[in-house]
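Data block below; observations after.
The values are calculated or read from the model by the stated rules, or taken from the named source; none is laboratory data. Being a predicted model, the structure only gives us computed values, none of them experimental. No Cβ is skipped: glycine too gets one built from the backbone with ideal geometry, and neighbour counts run over all protein chains shown.
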Amino acid sequence: MAETHLVAIYPELPKLELQLRMSEFPDLMQEKLETVYLGGGTPAMLGVEGIKSLVNGINQVFPLRDIKEWTVEMSPAHMDEEMLAAFREAGVNRLSIGVQSFCDQTLQRIGRRHSIQDALDAVRMAKNQGFKNIGVDLIAGLPGVHAAEWSETLEQALALELPHLSVYALSVEEGTPMAHQVGLGKVVIPDDDSVLDTLAATEGVLKGAGYERYEISNYAQPGCACEHNVGIWRGNDFLGLGPASSSRMGSRRWTNNSSLADYMESILQNNLPPREEDTLDPADDALERVTFALRLNEGFDPYAVAARFPILGDKADAWERHLEACARQGLVERGGVRWRLTSRGREVCDAVIRDIF
């Protein structure tokens, strides 16, 4: 689909999808919308006028004036002063910049379109436009990255003096160019132990620089955690709009199919887009909402969860016993009435969560 055609049509569609969802969930208008996260691709590709149209359209249906945190996810390759000014004017107050690495050779090897200089310029422009809540994403475990290079990437990130840093372990998704290269043996991915060593070293460096590891993959200066993502990890409802977006409303959860063409065709015909959808029974819904609590450094209180979700009340004692067993293995620790993962527990977070829940 031609890019100009996309920019002309797409910005109107999330508003139309939102209107369809409003008719499905009439109580939505009574809810207080606290955070917005615009990402899942490259929002800047819509251009300044496209962004204004998208924001104005949604604002007509669901007022955006009282948003506490509004994040836009951007690639350094697509950032410019005009675009950032448009976001700032719309009410965006937080930026997440996908840097991944501060090594040009590594960026080229993994197919990124930006350079180190692009990343540095992106942060500079964001600051020039008055953004204070800025974070960058880095990826640990990229192929061919030795310890000295990773150390340099962390030093570059810290030199930017930003309030938020995300450090994700590399995940090779099926069907991607990297997965193809790995399958051919042309790219070698570091083993799990190497990645865990890198993440452990990263934690030491960032904590030493004053960052708190408030979630498995996220570090922030005090008061600068991403509230949108924290809300999801705490089990709050969220509504996604657009291709590949996910939502959770009450006992229902769904993910729109990723096809842009199918999305546009459905919405233009006044139909909800194709999606995968589940409706959970009350116990499963409640359980799913609490399983990610241990990802957060604030931890998990079994009895507070039982009070929030009475249907889980009979599980609190069993959870407490499981957590005590995990504590004896050095995987969790108690902080007051709450349990949280230790550094060792964070290395095997998914296994701990499966064991407990």
Looking at region 269-306, which of the residues that are of a type in the set (Gly, Ala, Ser) and buried (at least 17 other Cβ atoms within 10 Å of the Cβ) is farthest from Phe25 (Cα to Cα)? Gly299
Please state which one of Leu162, Leu120, Leu158 is crowded, with 19+ Cβ neighbours inside 10 Å and either among the aliphatic types (A, V, I, L, M) or over 20 Å from Asn218 (Cα atoms) (or both). Leu162
Could you list, in sequence order, the residues of region 316-338 that are part of a helix (DSSP H, G or I), in contact with a helix residue (DSSP H, G or I) (Cβ under 7 Å, 6 or more places away or on another chain) and not aromatic (Phe, Trp, Tyr)? Ala316, Glu320, His322, Leu323, Cys326
Between Glu333, Glu320, Glu324, which is free of Cβ contacts under 8 Å to residues at least 60 places away in the same chain and in contact with a Ser or Thr (Cβ under 8 Å, 6 or more places away or on another chain)? Glu333
Among the residues of region 148-175, write down those that are touching a helix residue (DSSP H, G or I) at 6+ places or on another chain (Cβ under 9 Å) and over 30 Å from Lys127 (Cβ atoms). Val172, Glu173
Do we have Gln156 as touching an Asp or Glu at 6+ places or on another chain (Cβ under 8 Å), within 24 Å of Cys224 (Cβ to Cβ) and assigned by TED's automatic domain parsing to the domain that holds Val182 here? no
Residues of region 241-258 being in a loop (DSSP other than H, G, I, E, B) and either in contact with a helix residue (DSSP H, G or I) (Cβ under 9 Å, 6 or more places away or on another chain) or touching a residue at least 60 places away in the same chain (Cβ under 8 Å) (or both), which ones? Leu241, Gly242, Pro243, Ala244, Ser245, Gly250, Ser251, Asn257
Give the residue that is farthest from Gln19 (Cα to Cα), with candidates limited to residues of region 239-262 that are polar (S, T, N, Q) and in contact with a strand residue (DSSP E or B) (Cβ under 8 Å, 6 or more places away or on another chain). Ser251
Selection count where residues are of a type outside the set (D, E, K, R) and either surrounded by fewer than 21 Cβ atoms within 10 Å (Cβ to Cβ) or outside the structural domain of Glu215 (by TED's automatic domain parsing) (or both), scope region 142-153: 6
The residue that is farthest from Ser217 (Cα to Cα), considering only those in region 89-114 that are touching a Pro at 6+ places or on another chain (Cβ under 8 Å) and among the small types (Gly, Ala, Ser), is Gly111
Hey, any hits in region 13-36 for a residue that's under 28 Å from Cys103 (Cα atoms) and in contact with a strand residue (DSSP E or B) (Cβ under 6 Å, 6 or more places away or on another chain)? no
Count of residues meeting criterion [within 21 Å of the chain's Cα centre (by Cα), of a type outside the set (S, T, N, Q) and not in a loop (DSSP other than H, G, I, E, B)] in region 59-89: 11
Looking at Val48, is it more than 28 Å from Val230 (Cβ to Cβ), in contact with a Gly (Cβ under 8 Å, 6 or more places away or on another chain) and among the aliphatic types (A, V, I, L, M)? no
Filter pass, Ile110 being surrounded by fewer than 20 Cβ atoms within 10 Å (Cβ to Cβ), under 22 Å from the mean Cα position of the chain (by Cα) and touching a residue at least 60 places away in the same chain (Cβ under 8 Å): yes
Is at least one residue of region 177-196 touching a residue at least 60 places away in the same chain (Cβ under 8 Å), within 18 Å of Leu341 (Cα to Cα) and either assigned by TED's automatic domain parsing to the domain that holds Ser101 or loosely packed, with under 15 Cβ neighbours inside 10 Å (or both)? yes
Return the residues of region 13-38 that are acidic (Asp, Glu) and surrounded by fewer than 17 Cβ atoms within 10 Å (Cβ to Cβ); say none if nothing qualifies. Glu24, Asp27, Glu31, Glu34
Of the residues Leu312, Leu341, Leu280, only one is in contact (Cβ under 8 Å) with a residue 40 or more places away in the chain and touching a helix residue (DSSP H, G or I) at 6+ places or on another chain (Cβ under 9 Å); which? Leu341
